[in-house]
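So the structure is just underneath, and the comments pick up after that.
The values are calculated or read from the model by the stated rules, or taken from the named source; none is laboratory data. Just so it is clear, the structure is predicted and the values come from calculations on it, not from any experiment. No Cβ is skipped: glycine too gets one built from the backbone with ideal geometry, and neighbour counts run over all protein chains shown. These area figures cover heavy atoms from the full protein model, side chains too; ligands, DNA and RNA do not enter into them. Shrake-Rupley method; radii C 1.70, N 1.55, O 1.52, S 1.80 Å.
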Amino acid sequence: QVQLVVPMAVVFAPGSVPGDLPRPLPFRDVQEMEISVNLRTSVTSRYEMRYRSTTAQEEAALAAATAREADAALYPLQDTTLGSLTMYVVPETSSLLPQGINVYVGKHRSALLRAGGGLAALQARLREVTQLMSFTATSIAAALSDRVPDGQLGPDARRNLKSSLGYEITFSLLNPDPKSHTVDWDIEGAVNRFVKPVLDKLSLVANFSVAGGILYYAVLGVTPRYDKESSSFLLSAHSLPHVINPVEARLGSSAASLYPVLNFLLYVPERSHSPLYIQDKDGAPVSTNAFHSPRWGGIMVYNVEAPASPQVSLPLHVDVDMARVMEVFLAQLRLLFGLSREEVPPEFLLEGPGNEGLADWELDHLLWAHAVENIATVSTTLTSLAQLLDKIGNIVIKDDVASEVYRAVASVQSAVTELSLGHLLAAFQASKEAVTCSERAFFDPSLLHLLYFPDDQKFAIYIPLFLPMAVPILLSLAKIVRESRLRKKEPTKMD
């Protein structure tokens, strides 16, 4: 049983304290909610709330002109521990939040809430914000999707990448018509400028490696349909799944990889199929001209403008606008990690993540989900290992395998304990250690079940070998016994 504890501070600015508080500030309160996964498993979420008034420094920060400036000024004053949240309640008449906005969620681990109504209304608003910034029943169910009955899973539950110790990201430019197009793309500069800040932030979650390359004469596996009205070629939504297999055969990156591979492909259509546009299920053009495949990656079609005069010399030189391309690829990367911004009420205002690609609370969102998933993975791995050992009675378990199992059990217990104390980072690191140890033990070469035989197989193997040898030996023994008996019966001759 796993308990997820979120340490949380609710800070009241002057003039925002509800009149029906149960006791004077400061005081503590606890709210619990049970997230049911299946009949045997449930996860308890526990919000440990500390209500208090603002300090003089926080009041000065809240006197800023805009919510964004206040958020930046409050950041050095708040608890920045991973998994913790700070909610600042401002008066109902405050001009800090724009008209019609009651909640502002910043880039870090804090939010501004407009006071309104009594304590019950405030707590309902707090519950909405905390679920947005920490975890929801949906995100926990998606993390434990292997244990949730199929009927209870949402359509996007299996979209996110499974938790892993590392990921490999490949950016590939597909140029099927090099005779018509010479394409230049500054992938190294784009990765350093756009992708590196995001991966630096995600380095807490896993290790990342990035590769880039160009594939010539790589065509999509589907012939696009020509549309006379728009004088363009169209790829419909139902044909998109057939695009990936032929391209993936050319990539070949996942075959030699230990970790999941994320493929981001930029496709420059051949001249005979230009311009090429992707349609959604309703037949409308997709604004980004891109699509993504869950747990695999994404493909973007990059159209080249046709030359003004037909006599222009080929191949045409094309410089790819990397800012436009990376904007799409980073949005797809967020989708693959389950960081898509969910639908929020209209009175919520969410600050953009900026260059880092994800806010601090979004990183926490990822760590909560991956910590729970890692604990479930270790539990499954060790259970499978125990069942294997029970099945093969004569299996030899070496000391180093045993120590890995002990370390996995100790680490997973530590992860559960740290989660119940609200220490998200320590819990996540312990869960990663537990996964590493359990996988190392499970895949140890000495535990291959093919090395050991059940007793009935031993008899089946050895009887044909020893029976032909045993027959003459047994006959000889019988003859020796018979002769010895005859000797005893014969009377002894006396001189």
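Sub-9 Å Cβ pairs linking a first residue in region 161-176 that is farther than 20 Å from Leu265 by Cα to a second residue that is open to solvent by 10 Å² or more (accessible area, probe 1.4 Å) and in a strand (DSSP E or B), at least 6 apart or interchain, are Leu165/Asn207; Gly166/Asn207; Gly166/Phe208; Gly166/Ser209, ordered by first then second residue.
Whenever a residue of region 280-301 is on the phi > 0 side of the Ramachandran plot, its partners that are of a type in the set (A, V, I, L, M) and in a loop (DSSP other than H, G, I, E, B), lying with C-beta atoms within less than 7 angstrom and at least six residues away or across chains, give the pairs Arg295/Leu161.
Entry remark, region 382-401: residues being open to solvent by less than 30 Å² (accessible area, probe 1.4 Å) and part of a helix (DSSP H, G or I) number 2 in total. Residue check: Gly213 meets all listed conditions (1) at pLDDT 85 or above; (2) surrounded by 19 or more Cβ atoms within 10 Å (Cβ to Cβ) but one, namely (2). When Pro22, Pro14, Pro26 are screened for being without any contact (Cβ under 8 Å) to a residue 60 or more places away in the chain and out of contact with any Ser or Thr (no Cβ under 6 Å at 6 or more places or on another chain), only Pro26 passes. Could you say whether any residue in region 406-428 is over 30 Å from Thr81 (Cα atoms) and open to solvent by 70 Å² or more (accessible area, probe 1.4 Å)? No, because not a single residue in region 406-428 is over 30 Å from Thr81 (Cα atoms) and open to solvent by 70 Å² or more (accessible area, probe 1.4 Å).
Listed by position, the strands (runs of 3 or more DSSP E) enclosed by region 199-252 that each have at least 1 residues that are closer than 29 Å to Pro353 by Cβ, touching a residue at least 40 places away in the same chain (Cβ under 8 Å) and not assigned by the TED database to the domain that holds Val435 are 207-216. Residues in region 40-76 that are of a type in the set (D, E, K, R), touching a residue at least 60 places away in the same chain (Cβ under 8 Å) and under 22 Å from Gln99 (Cα atoms): 2 in all.
Select from region 162-207 the residues that are over 30 Å from Ala430 (Cα atoms) and small (Gly, Ala, Ser) and write down the one among them that is most open to solvent (accessible area, probe 1.4 Å). Among those residues, the one meeting the criterion is Gly189.
Filtering region 436-452 to residues that are of a type in the set (A, V, I, L, M, F, W, C) and open to solvent by 20 Å² or more (accessible area, probe 1.4 Å) leaves Phe442, Phe443, Leu448, Leu450, Leu451. Among the residues of region 429-446, the one identified as hydrophobic (A, V, I, L, M, F, W, C) and under 17 Å from Thr81 (Cβ atoms) is Ala430.
Residue-level analysis places Val243 among those that are farther than 17 Å from Ile169 by Cβ, of a type in the set (Val, Ile, Thr) and touching a Gly at 6+ places or on another chain (Cβ under 9 Å). Within this structure, Pro18 fails the test of being of a type outside the set (Ser, Thr, Tyr), over 28 Å from the mean Cα position of the chain (by Cα), loosely packed, with under 13 Cβ neighbours inside 10 Å and not in a strand (DSSP E or B). The conditions of being in contact with a Phe, Trp or Tyr (Cβ under 7 Å, 6 or more places away or on another chain), surrounded by fewer than 17 Cβ atoms within 10 Å (Cβ to Cβ) and assigned by the TED database to the domain that holds Val205 are met by Pro285.
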